[in-house]
1. Residue by residue through the stretch 321-339, note down the ones that are in contact with a strand residue (DSSP E or B) (Cβ under 8 Å, 6 or more places away or on another chain) and either not assigned by TED's automatic domain parsing to the domain that holds ILE285 or not small (Gly, Ala, Ser) (or both).
2. Can you tell me which residue within the stretch 168-221, out of those that are in a loop (DSSP other than H, G, I, E, B) and touching a helix residue (DSSP H, G or I) at 6+ places or on another chain (Cβ under 6 Å), is nearest to SER353 (Cα to Cα)?
3. Kindly indicate the residue of the stretch 299-323 that is farther than 17 Å from ARG282 by Cα and in contact with a Ser or Thr (Cβ under 7 Å, 6 or more places away or on another chain) and also surrounded by the fewest Cβ atoms within 10 Å (Cβ to Cβ) among those meeting that condition.
4. Pairs only if they're at least six apart or on different chains, beta carbon under 6 angstrom, first in the stretch 282-298 and closer than 11 Å to ALA350 by Cβ, second buried (at least 21 other Cβ atoms within 10 Å of the Cβ) and polar (S, T, N, Q); list them, first residue then second.
5. Taking interchain pairs and intrachain pairs at least six residues apart, which have beta carbon atoms under 6 angstrom, with the first residue in the stretch 186-207 and over 12 Å from LYS141 (Cα atoms) and the second part of a helix (DSSP H, G or I)?
6. Inspect all residues belonging to the stretch 56-69 and state whether any of them is closer than 29 Å to ASP165 by Cβ, among the basic types (Lys, Arg) and not in a strand (DSSP E or B).
Amino acid sequence: MKIQKYIILIFTLLLAGCVTTPVREKAAIKSPAYSIGGISYVSLGSVVDTYNLKYNWDAIAKKLALYKGDNQVELALTSDIALVDGLPVKLSGPVKLYKSSIMLPRDFSETILKKAFVKKRAIKVIRKKPVKSECAYTIGKIVIDPGHGGKDPGAIGRFSLREKDITLDIAKRLKRHLEQARIDVSLTRSDDSFVSLWRRADIANKKGADFFISIHANAAHSRQAKGFEVFYLSEAVDDNARAIAAAENAFLKYEDSSFGYAKPSNSLEATLWDICYSENRRESIELAKCITRAAYEQLKAKDRGQKGARFYVLKGAKMPSVLIEVGFISNKQEAAKLKDSFYREKVARAIASGIIYYKNEYETEDGFTR
């Protein structure tokens, strides 16, 4: 009898073990693994394909940003620290370059990245509900202009930074943040190509943009000059604004013979232009204030304020427009910051915050017509 009881007990324990033993989850990354220094790695391409991610590779700072929706993971070549939605995470090994491919530790890719881009994203999608605006005055389309490009490098700063590279990177990041706020965004250039000044404003006009925003990086003879400032088109300028406008407009030498700004051909066109210009300038000033405030609060950069200046790139725009100088690449401290992709991400977020704040105020106040 006792033997029967023992047999029943053993059978019960074995059965319970079969029921409660967790099933090991299959590997998420279905691609060849590479053993490098005793650590298992997978390629960036396989990670991107598995989780359907987008990414930005910063060739200047050798840093990588993976993103999907509101979630972002940032890594750096040879570093074993990742930023997951702003929080540091230790990797089992550093990010490596192997056989011309960026390689990520496999355990990190199959655990941390899966949680960041699969599980969290599913919760956010459920919570989000489409909101239909009832306001007749809406801002839904913006054209962002990365200054310079191609044969026009812009200013050359400390650490051999080129203005055209900085502006394109920040513009792409800004585009992504604004698109997350459901704003239709276009770039005047998406690669290192040359686009004439008149063509940039023309792109915004043909797109029917609500705003035209040109991104630039400053430079000065004085290595001490620093700060963040935003300009709007105006004939009334101070000495500083005049000097900066002259520096940016100096790159007209790269324009072809077709460059030119068409002035109104008769008195009626001139009157209509004056009305449009006055209204656009008022809104441009308000937008400049919002962006400057957000930059000061989030970047803790020196606030150089918002100013009027005669920038050719803004002259042909038929909508409110501003030109943003994100910092001085001639200043050692600011150049070091702008060289860092994490700081450029902060710059893009700050500009986006200012734009979105203005958008919300504008739509709430019925285009400031009350």
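1. VAL322, LEU323, ILE324, GLU325, VAL326, PHE328, ILE329, GLU334, LYS337, LEU338
2. Here the residue is ALA181.
3. Applying the first criterion (farther than 17 Å from ARG282 by Cα) to the stretch 299-323 yields 299-304, 312-313.
Pick out the ones that are also in contact with a Ser or Thr (Cβ under 7 Å, 6 or more places away or on another chain) and you get 303, 313.
Details: ASP303: 15, VAL313: 25.
Among those that are farther than 17 Å from ARG282 by Cα and in contact with a Ser or Thr (Cβ under 7 Å, 6 or more places away or on another chain), it is ASP303.
4. THR292/GLN306
5. Going by the 6 Å Cβ cut-off, the qualifying pairs are THR188/ARG200; THR188/ILE203; LEU197/TYR312; LEU197/VAL313; ARG200/VAL313.
6. Of the stretch 56-69, the ones closer than 29 Å to ASP165 by Cβ are 56-69.
Okay, now just the ones that are also among the basic types (Lys, Arg), so 62-63, 68.
Those still in the list that are not in a strand (DSSP E or B) too: 62.
The answer is yes; a qualifying residue exists.
The values are calculated or read from the model by the stated rules, or taken from the named source; none is laboratory data. Small disclaimer: the values here were computed from a predicted structure and weren't measured. Backbone-built Cβ (ideal geometry, glycine too); neighbour counts: all protein chains shown.
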